[in-house]
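Below: one structure, written as structure tokens.
The values are calculated or read from the model by the stated rules, or taken from the named source; none is laboratory data. Owing to the predicted nature of the structure, the values given are computational and were not obtained by experimental measurement. Methodologically, a virtual Cβ is constructed for each residue, glycine included, from the backbone with ideal geometry; neighbour enumeration extends over all protein chains shown. Please note that ligands, DNA and RNA were not included when accessible areas were found on the heavy atoms of the full protein model with its side chains. Shrake-Rupley method; radii C 1.70, N 1.55, O 1.52, S 1.80 Å.
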Amino acid sequence: MDQINEPIYPELKFPNDEYRLLGLFRYWNIIEYFYPYKYLTDQSWDSVLLEMIPKMRSVSNKDDYQLLLLELVAKLDDSHAWIRTSDEKSKFLPFRVSRIEGKPVVSEILNDSLAQIIDVKLGDVVMKMNGYDFQNLVVENLKFQAGSNKNIKLRYVYNYILNKANDSVQVTVERNGQLVEVNSQYYDYQEIKTQNNLASLGYKLLSESVGYMDLQFIKSGKQVIEIFKSLKNEKAIIIDLRTYPALIHLVMSKFLNSEKRTFALTFSPSIDYPSRFEYNLELNTMSSKKAFSGKVFLLVNEKSLSKAEFVAMSLQTADNIITIGSQTAGADGTVVIVDYLGGYKTAFTGNGVMYPDGTETQRTGVKVDIEVNPTINGLRAGRDEVLEKTLQLASEL
């Protein structure tokens with residue numbers, strides 16, 4: 001979003017109170033006139049302004065000011081919302097934590113080799129970080145994390161806390177009734193990134209009659225065409241959308257839909273009349289008389305964010321499809337990035353997306369037909385319980 005006649009003042013990383021208020025008023029007005037989901041926030045946007053004015057005036061140092069900016073942006077209750085107050089390159093732990101059975105649990109290993117070195121395992125329940133009670137840290141930091149719903153907000157805050165340390169961290173986890181100390185340094189993304197045996201194609205057979213597509217590895221329409229051309233005896237296809245995909249939904253819809261269908265309506269702010277939002281697009285699938293006639297299973301979870309949710313809506317129009325999994329991230333639309341006074345960058349969801357029947361995906365996520373959540377015991381056993389449930393249903397065809 002272009003900001004005309006609005007100086008950025010990049011040198012003012014901790015401005016005086018007049019400029020702090022100017023930054024607040026600018027941001028408040030951007031959201032007031034251009035955020036399509038202002039009416040869905042937990043706190044009214046008017047009351048946010050009244051709350052933040054005295055806080056902006058009284059904050060006394062740069063660190064607390066930047067935390068206050070995080071708190072302000074978190075008020076949007078939007079999984080797309082963030083503010084970047086530093087250009088410092090981020091580093092990461094080789095694992096991620098999610099809310100499983102109401103607890104902070106290691107739900108994803110990003111690099112098997114590094115995980116073995118530090119002795120962290122799937123299903124570990126995080127109890128402490130550097131000796132501090134982890135749940136207390138969550139309560140203290142929750143107000144600084146934006147997120148559309150509880151699951152995604154907690155996922156964000158868990159990993160925000162764990163990645164706040166400087167060079168290394170000690171995490172105390174509960175594993176099978178025992179407390180285990182996990183000591184890890186932080187790594188650049190390229191050090192953590194690993195390859196998967198599906199990377200070359202993104203498709204494999206799980207049985208003679210069930211195929212599996214992992215959309216994180218399917219980057220082009222050409223790949224989609226090759227996969228569907230190879231289908232022979234499959235009675236079912238599992239499409240794993242627990243990832244961030246490429247925009248291949250239209251090509252896929254040609255092979256999944258026997259007729260053209262509307263999958264989404266969009267609305268955007270009017271530049272001529274600020275605060276007014278207008279419907280601007282009705283989005284449709286492609287179709288084919290030779291569309292796949294078997295059962296289609298679509299897998300989603302909290303990692304299904306933004307583009308993934310948009311792609312899910314398109315795929316959900318397929319002739320014979322069931323969506324299985326858990327609540328998605330609830331931020332389905334274009335990300336708008338704007339300048340915040342002081343040279344900071346901030347973002348939010350810039351346009352509205354809804355199903356043709358008017359059901360919104362913001363905050364709630366996409367529609368799920370069969371809810372399946374992972375369990376701690378399942379993670380510890382190395383099981384993918386969502387995929388297991390799907391294979392059970394596929395075997396009954």
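Hey, among GLN190, GLN185, which residue is open to solvent by 100 Å² or more (accessible area, probe 1.4 Å) and closer than 30 Å to ASN130 by Cβ? Explain how you work it out, then say what you get.
Numbers: GLN185 fails: open to solvent by 100 Å² or more (accessible area, probe 1.4 Å).
Of GLN190, GLN185, the one residue that is open to solvent by 100 Å² or more (accessible area, probe 1.4 Å) and closer than 30 Å to ASN130 by Cβ is GLN190.
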Practice task
Tell me, please, whether a residue that is surrounded by 20 or more Cβ atoms within 10 Å (Cβ to Cβ), under 22 Å from the mean Cα position of the chain (by Cα) and among the acidic types (Asp, Glu) can be found in the range 308-320.
Solution key: yes
Handout entry: Residue that is most open to solvent (accessible area, probe 1.4 Å) [pool: residues in the range 96-154 that are among the polar types (S, T, N, Q), over 20 Å from LEU179 (Cα atoms) and over 17 Å from the mean Cα position of the chain (by Cα)]
Key = SER113
Practice task
Please work out which one of (1) in contact with a Pro (Cβ under 9 Å, 6 or more places away or on another chain); (2) touching a residue at least 60 places away in the same chain (Cβ under 8 Å); (3) assigned to a loop (DSSP other than H, G, I, E, B) is the condition ARG383 fails and give its number.
Solution key: (2)
Fill in the blank from the handout: The correct count of residues that are open to solvent by less than 10 Å² (accessible area, probe 1.4 Å) and either part of a strand (DSSP E or B) or of a type in the set (Ser, Thr, Tyr) (or both) in the range 341-358 is 7
Practice task
Might you let me know whether the range 269-287 holds any residue that is open to solvent by less than 50 Å² (accessible area, probe 1.4 Å), among the polar types (S, T, N, Q), under 30 Å from ILE30 (Cβ atoms) and at pLDDT below 95?
Solution key: yes
Problem - Test result for LYS75, farther than 13 Å from ILE161 by Cβ and either hydrophobic (A, V, I, L, M, F, W, C) or modelled with pLDDT under 95 (or both) - result: no
Exercise for the section: Quickly run through the range 236-260 and pick out the residues that are under 30 Å from GLU388 (Cα atoms) and open to solvent by 60 Å² or more (accessible area, probe 1.4 Å). Expected result: TYR244, LEU247, LEU250, LYS254
